[in-house]
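Working notes, beginning with the structure itself.
Only the coordinates and a few stated rules stand behind these numbers; no lab work does. Fair warning: this is a prediction, and the values are worked out from it, not measured in the lab. Here the Cβ positions follow ideal geometry from the backbone for every residue, glycine too, while neighbour counts run over all protein chains shown.
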Amino acid sequence: MMPSMMDVLPNGEETGDFFAVDIGGTNFRVILVSLSEKRGEVARFEMEEFAIPEEYFSCHADRLFDLLADSLVTFAKRYGFSGNRTAPVGFCFSFPVDQTAVDAGTMIKLTKKFDNEGFVGSDPVQMLQRAILRFKAPFKVVALLNDSVGTLAGACYEDPNAKVGVILGTGTNACYVEQVANIATLAKGSTKRQTMVVNTEWGNFTAASLPITEVDREMDETTPNAGEYHFEKMVSGMYMGEVARRIILRLAEEAQLFGPSVPDELRVEWALSTPAMSKIVEDGSWTLSRTAQILAETLHLPPSRCTYSACSTVKAVCLMVSRRSAALVAACLAGLLCHIGRDGSNGAMQETTVAIDGGLFEHFDAYREFLSEYMEQMLGPEVAAKVQLKRIRDASSMGSAYLAAAVTASSE
Ligand code: ADP
Ligand code: MG
């Protein structure tokens, strides 16, 4: 867990034009929000989203930052931003960073698919600011945060009960509002305020009680960050499909799931994506024809090998991997709520909002149900009823712009 240095959160009173750049694991976004005088009102919201081109996962960091700066500058021009005065930018950078100020930090390591040189040890704010200067553009990066912090900030703008931010996308992370007095690693005098957002970096959580399986370990060895981020690899969108594929392959090898021979296509690493896996989980057809279709499309298994019995085993595996993820997230979330006294254990339970963003949570309907089900099991129905798992689309990007606004307002 690391202090995020964010000791202000937006409250809806911010005004002006703010930009954000948001880079996660799969996509990046640039956004513009105009916050009006009316409390909590967004007068204007513009966003552009791009898939990160494959080459940028391994190029030098400078090139990736040039891409971000170029996109921001082009975007601002397209939406008629004149550039007469310097515009504040919130930078949502979803990698582990040792944050030293709201607008400074040192990159600790790369995660997810990224394997670039020039990142680790550098300050992402300076790198982005330098790239912006190369375009001679009038932007100042005023806030550095990760997507979980952005999501919490996005929720705070209109909901004072928002205390926890969670990402369930390519990767996973969570942050929460902590009493400054409880943050032992924070240097004395770092803030005059009472509370600060703590970044749990729970993707890297590991413990003897975390039930890591042989399949998890085998997959881990093929990732750029082997040996780390075990929780993320059991939970998030980048990995779940691959975990399921490996189990299915083992069943084909050891229990002849698809007949006497093992289809070669099943051996292709990362061939089963989490979105495809989620469609199998949600296959409600009597004959599991959708599952057979997905196996044909993604793993190129001929229909003759996808018997009903094979499909139903495949579905059971995908369901198990999905439920495991939801149960682990619920357990950590319940732990976090307990830590901040919002688990009903100390008197009346206050309404609490857990703001959640990310493609896994947004697009996988059954997953949201599993998560609610496990939250109820962990907290009991009465307490769980007071915990709202709020899906906030684009929250991390919006929240980054709001935070740029809150930081600007607090320094004026
Ligand atoms: P990022 O993490 O880059 O910000 P997103 O929040 O958009 O990106 O999340 C993308 C991830 O969401 C993908 O890696 C994918 O695994 C997952 N995802 C997208 N659609 C679905 C779906 N229908 N079912 C399950 N997972 C999905
Ligand atoms: Mg994201």
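Would you mind checking the radius of gyration and Dmax of the range 84-206 based on alpha-carbon positions, in Å?
Here Rg and the maximum Cα pair distance are 15.4, 49 Å.
What three numbers, in Å, describe the spread of the alpha carbons of the chain along their principal axes, ordered from the longest?
Here the Cα extents, ordered largest to smallest, are 71, 54, 37 Å.
What do you get for GluC sites (Glu not before Pro) in the range 120-229 restricted to DSSP loop and a cutoff of at most 14 other Cβ within 10 Å of the site's Cβ?
Details: sites: Glu158, Glu178, Glu201, Glu214, Glu218, Glu221, Glu228; in loops: Glu158, Glu201, Glu221, Glu228.
Qualifying residues, ordered by number: Glu221.
Points 7 angstrom from Cα along the Cβ direction at Ala101 and Glu412: gap in nanometres?
Computed distance between label sites Ala101 and Glu412 equals 2.0 nm.
Full extension from Glu254 to Glu48: what is 0.36 nm times the residue separation minus their Cα-Cα distance, to one decimal in nm?
Details: separation 206, 0.36 × 206 = 74.16 nm, distance 4.73 nm.
Result for the pair: 69.4 nm of gain on full extension.
In straight Cα distance, which lysines are under 26 Å from Lys233, not counting same-chain residues fewer than 8 positions off?
Candidates past the 8-residue exclusion: Lys109, Lys112, Lys113, Lys163, Lys279, Lys315, Lys390.
Give me the distance in nm between label points sitting 7 Å out from Cα along the Cα-to-Cβ direction at Thr26 and Gln388, one decimal.
About 2.7 nm, to one decimal.
Mind checking the full-extension length gain between Ala181 and Val268? Use 0.36 nm per residue of separation minus the Cα-Cα distance, one decimal, nm. Show your work: numbers first, answer last.
Numbers: separation 87, 0.36 × 87 = 31.32 nm, distance 5.04 nm.
Extra length available between Ala181 and Val268 comes to 26.3 nm.
With each label point set 7 Å from Cα along the Cα-Cβ vector, what nm distance links Met320 and Ile340?
Between Met320 and Ile340, the label points sit 3.5 nm apart.
Lys140: which lysines have alpha carbons under 23 Å from its alpha carbon, excluding same-chain residues fewer than 8 sequence positions away?
The reachable lysines, counting only those whose Cα sits under 23 Å from Lys140, are Lys77.
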